[in-house]
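All of the numbers you see were taken from the coordinates with simple rules; none came from a lab. What you see is a predicted model, and the numbers here were worked out from it, not measured in a lab. Reconstructed Cβ throughout: ideal geometry from the backbone, glycine too, with neighbour counts over all protein chains shown.
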Amino acid sequence: MTEVDIAGFGIWSASFADPGEFRAVLAGREVESEGTLKPELIPARERRRAPAMVKMAVEVMDQACKMADLDPAAVASVFGSGMGDMQITDYMCRTLATSPRAVSPTKFHNSVHNASTGYWSIATGSHCPANAVSAYANTVAATLLETSVQALEEDTPVLMAIEELAAPQPFKSVIEVDAPFAAALLLVPPGHSVTPLGSLSLALRPEFVDEPAPPALDDADFSNNFAATILPLLIALAEGQRASVSLPLSRRSTLDVTLEHAAAPATAHA
Amino acid sequence: MRLAIGQYTATSAIGIGLDPMREAIRSRRSGLRPNDLANCDLETWIGRVDGLESVSLPDELGHLMSRNNQLAWLGLQQDGMLDSIAELKERAGDDRIGVIIGTSTSSIGRTEEAYTKLLPNEAMAPEYCQPEVHNLHSPGIFVVEATGIRGPALTISTACSSSAKVFASAARWINHGLVDAVLVGGIDSLCMSILYGFNSLELVSPERCRPFDRRRNGINIGESCGYAIVAREELIDHAEFMLLGYGESVDAYHMSHPHPEGKGAMLAMTRALERADVAPTDVDYINLHGTASQANDRIEAAALGQLFSEHTLASSTKAWTGHTLGAAGILEAIITLEAMRQDLVPGTLNCDEPDDDFAFDVITENVERPVRHAMTNSFGFGGNNATLVFGCAND
């Protein structure tokens, strides 16, 4: 059994731009989010050149650190995305198909899967280890597991960010995803945070389960957005509820995740 | 830290499997050739795996067709790797083994091809509608399907440190008790994105690459595939080598230029040595990142000069294989293990006029010498660095 505490979280979509707006949507209130994305951590000049993928990641990572009141330079990071930056892949493949020598050097170095943690480290001055991972449809489970194991084995806070972009037209042949989504969880070893939001227990099971469909929220349709499969956990976290979900880890294994909320009684005897 | 290294194998421009690789290193035969990749008009040298285009996938894996997965399959069939995996599954249980693959390209070569044949409505043509191929986890999916391993599976993609970091994550998974063994791998294949991308940054050499030479003028790009079993000691009979340490760091400086004082490189090396509890004076050999770019070699040599004495032999093997990017970490880890096995340290190829401004001299000729502790460096875009430390099992 793997047990870690959650010290903070971050969330962004076109319908809710931060945890406050997310809670408002869950409470049935109107939010006036305009889907703007201006992560303060990235200087304005750099922000213009930074891809949307990077801006989403840096925004939710910063939100999670602020909620936990932890110095972003002191946390390791794991970025996860099933499809990676489909906008840059689309740009690269279009340019290569027509005029390969016109490839932009900035777009090329932004095309690495670890671009988000690269920009994050430059913005925060962090030399802590940074990882960038993918497990296709199972990216939430795999990133959660990787981040938790790192937090416990290295005895350090580790920040995970997961996100998917909307699919450009050619990619819609293989994945129909319309609404972008990003979230972050700051995971710490038990005892590290005095006031954790909750704790997670993770257990492996050598069986296959179906990928759960992400819930619809407000008007947002997160169908096929792999990152949004974390929503049931984030909803429970934001509402102070207990939750149990089973997330596929591969065609042959499953991750059972239980969220206990710190505000709730540690054990509930009948 | 001490984890056993079981069976391993590597395929690159210097050969399919370990035997031709050993011969190429001993005889100092480079695998680089003038660029002859179809549809690519760049004047450069490349490290291409011969005959890769004609490798066919088994029927049940046909839906995963891509050059990268052809390379994954070719590599998996060498040096009894599949037999060793089957044996490990018997011994540990197929759900007690994980899969972690490092890649920077994944199957993007296949996506590039799909974009050259888009239908008028911008849909992909039917033969390219492969959901499990046009994503970063494509090699991870392929290896899980090809081996039937039932533990957790992950693809790591941190540019050129990807398949060095697979060893770090594998060590954490095993030390945590999540699994008892991990099949780690690295697979990167030649594609247009990489060749024209590095060309746009003016980092590609029109000639043979010359790591640490004063005339060095850029990198040659290659493709490779490597696998290794990392496991609890009791699972591997007569293991020859141990993974003793890993160090991971970030430059926090620039997306495509290394930190000018090598801060991230120093941190990766010192963190790896600390974890391994090995003193710099006890390191016999370092396989360097040594890409033959102006900046990398100067900065890496400066970092070495601060940590190591002349007792430690160091070299780059990129003039044999080319820079195989996301697969370079494991390819060069395996070249390092082979140096330990053969007591033969490869001297940097094509370094005929070593840059004498450097704070540390790399070796330029092969040296026969026992290697008990060895290290390998991998530094990538995004300032992402990883260093591994290996030791002989009977130390």
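Using a 10 angstrom cutoff on alpha carbons, build the Gaussian network for chain A and name the most mobile of A:Thr106, A:Thr143, A:Thr117.
Judging by the Gaussian network model, the answer is A:Thr106.
What dipole magnitude, in Debye to the nearest 20, does segment B:1-159 give about its Cα centre under +1 on Lys/Arg Cβ and -1 on Asp/Glu Cβ?
Rounded to the nearest 20 debye, it is 700 debye.
Given the options B:Leu74, B:Ser315, B:Leu136, identify the residue whose Cα lies farthest towards the positive end of the charge dipole of chain B (+1 on Cβ of Lys, Arg; -1 on Cβ of Asp, Glu).
So the residue furthest toward the plus end is B:Leu136.
With each label point set 7 Å from Cα along the Cα-Cβ vector, what nm distance links A:Val209 and B:Ala125?
Each label point is offset 7 Å from its Cα along the Cβ direction, giving 4.2 nm.
Using only the Cα atoms of the protein assembly as shown, each taken as one equal point scatterer with no solvent, compute I(q) by the Debye sum, divide by I(0), and report log10 of the ratio at q = 0.06 Å⁻¹.
Reported log10 I(q)/I(0), two decimals: -0.29.
With a 10 Å radius around each residue's Cβ, average the other Cβ atoms per peptide and rank A:210-216, A:156-162, highest first.
So the order, starting with the most tightly packed, is A:156-162, A:210-216.
Mind grabbing the base-10 log of I(q)/I(0) for segment B:3-392 at q = 0.09, 0.10, 0.12, 0.13 Å⁻¹? Debye formula, identical points on the C-alpha positions, no solvent, two decimal places.
-0.46, -0.58, -0.85, -1.00
Roughly speaking, what is the centre-to-centre gap between segment B:1-62 and segment A:123-160 when only Cα atoms are used, to the nearest Å?
31
For B:Thr348, which sequence-distant residues (separation of 5 or more, or a different chain) have an amide H within less than 5 Å of its own amide H, given hydrogens modelled in the peptide plane?
Residues meeting the amide H criterion: B:Ser316, B:Ile363, B:Thr364, B:Glu365.
With a 10 Å radius around each residue's Cβ, average the other Cβ atoms per peptide and rank B:381-390, B:121-130, highest first.
B:381-390, B:121-130
Going toward the positive end of the dipole of chain B, with +1 on Lys and Arg Cβ and -1 on Asp and Glu Cβ, which of B:Gly6, B:Cys40, B:Leu243 do you reach last?
B:Leu243
In nm, to one decimal, how far is the A:Ala102 label point from the A:Asp155 one, both placed 7 Å along Cα→Cβ?
Inter-label distance under the simple model: 5.6 nm.
Once the cut-off is 25 Å, how many percent of the Cα-Cα pairs in segment A:2-197 end up in the long-distance tail?
36
For segment B:7-145, what number results from the quotient of the Cα radius of gyration and 2.2 N^0.38 Å?
1.20
Starting at the first residue of segment A:133-141, write each ³J(HN,Hα) from the Karplus equation 6.51 cos²θ - 1.76 cosθ + 1.60 with θ = phi - 60°, in whole Hz, x for Gly and Pro.
Couplings: 10, 8, 9, 6, 5, 9, 5, 4, 4 Hz.
State the number of lysine pairs found in segment B:3-392 whose Cα atoms come within less than 28 Å, restricting to pairs 8 or more positions apart or on distinct chains.
Working: B:Lys89/B:Lys165; B:Lys165/B:Lys263; B:Lys165/B:Lys318; B:Lys263/B:Lys318.
The result is 4.
Please give the charge dipole size of chain A, origin at the Cα centre, charges +1 on K and R Cβ atoms and -1 on D and E Cβ atoms. Round to the nearest 20 debye.
I would put it at about 900 debye.
To one decimal place, what Kirkwood hydrodynamic radius in Å is obtained for segment B:125-209 from all pairs of distinct Cα atoms?
15.5
How well do other chains shield peptide B:374-384, expressed as the mean number of their Cβ atoms within 10 Å of each residue Cβ?
4
Just name one of A:Ala135, A:Val188, A:Thr124: the one whose Cα is farthest towards the positive end of the charge dipole of the protein assembly as shown (beta-carbon charges, Lys/Arg +1, Asp/Glu -1).
So the residue furthest toward the plus end is A:Thr124.
In terms of Cα to Cα distance under 19 Å, which lysines are near enough to A:Lys66, apart from those fewer than 8 places away along the same chain?
Counting by Cα, and skipping residues close in sequence, A:Lys66 has these lysines nearby: A:Lys38, A:Lys55.
Please turn the phi angles of segment B:350-358 into ³J(HN,Hα) values with the Karplus equation 6.51 cos²θ - 1.76 cosθ + 1.60 (θ = phi - 60°), one per residue in order, whole Hz, x for glycine and proline.
6, 9, 7, 10, x, 5, 7, 7, 7
In terms of modelled amide H atoms, which long-range or inter-chain residues lie less than 5 Å from the amide H of B:Gly245?
Hits under the 5 Å cutoff: B:Val389.
Report the trypsin sites (Lys or Arg not before Pro) located in segment B:3-42 that are in a DSSP loop and have at most 14 other Cβ atoms inside 10 Å of their Cβ, or state none. Numbers along the way, then the final one.
Values: sites: B:Arg22, B:Arg26, B:Arg28, B:Arg29; in loops: B:Arg28, B:Arg29.
Listed in order of number, the matching sites are B:Arg28, B:Arg29.
Treat every Asp and Glu Cβ in chain B as -1 and every Lys and Arg Cβ as +1, leave all other atoms uncharged, and give the resulting dipole magnitude about the Cα centre to the nearest 20 debye.
Charge dipole, chain B, about its Cα centre: 360 debye, nearest 20.
Using the Kirkwood formula on the Cα atoms of segment B:182-322, what hydrodynamic radius do you get, in angstrom to one decimal? Write out the running numbers ahead of the final one.
On the way: mean 1/r = 0.0585 Å⁻¹.
It is 17.1 Å.
May I ask you to evaluate 6.51 cos²θ - 1.76 cosθ + 1.60, the Karplus curve with θ = phi - 60°, for each residue of segment B:81-88 and list the ³J(HN,Hα) values in order in whole Hz, giving x for glycine and proline?
Result, rounded to whole Hz: 4, 5, 5, 5, 5, 4, 5, 5.
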